[in-house]
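What follows is one structure encoded as structure tokens, with my remarks underneath.
No lab work stands behind these numbers, since they all come straight from the coordinates. What you see is a predicted model; the values in this text were computed from it and never measured. FYI the Cβ positions are ideal-geometry reconstructions off the backbone, even for glycines, and counts take in every protein chain you see.
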Amino acid sequence: MDRVMRFLSYLNEDYVANITGSHWGNKKVREVFVNPTAKDMRDLKKFNDDVRFIINFKTKKIYVWDADVVHYEGAIPLYNMKLISSKEAFGIDYNFGSGFWDDHFAGIGEIIGNKIEYTGYSDTYHDIPDPKGWISKDQKWLDRFFTEPFIPTVRNDFGYLESDFK
């Protein structure tokens, strides 16, 4: 594959699925966007300023949807479409031994302009092993989706110092 095609593939931003959420009592159908564009962010903001997302570090994809649909409701169709690698995520099966969390992150944010301001991680993370593996790697590809450099922000959220990674 030549460099232009690789670059165009890298920029692949698209709507990927509809998800149905009823966790809060009212059934809602929302779109999931993969590597969302500025237009996608505006579309999401029509429903809610807050979003949830799952990052797949292996495929360098971020899946984003309206925060009214909780993570485990969003994870099921993504797993069924083989976009995330484990059925053991978000309450589908609470056995976290598969290494799912080595390659994925579930977070929450607010749409500011056409980017996400990271505000926290899924409650599911309270039960996971140390995420130091993936947050020690260069993940600059994510910065185009967030208001602040993503990895340093998450490192701080987990209580790490930047000096822990030097």
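Each residue, residue 140 and residue 117, gets one label point 7 Å from its Cα in the Cβ direction; the gap between the two is 2.6 nm. Near residue 119, the amide H atoms lying under 5 Å from its own belong to 108, 109, 110; only residues 5 or more places off or on other chains count, and H is placed 1.01 Å from N. If r is the Cβ-Cβ distance from residue 148 to residue 60 and R0 is 25 Å, what FRET efficiency results, to the nearest 0.05? The calculated FRET efficiency here is 0.85. What number comes out for the charge environment of residue 116, summing +1 per Lys or Arg and -1 per Asp or Glu over other residues with Cβ under 12 Å away? In short, -3.
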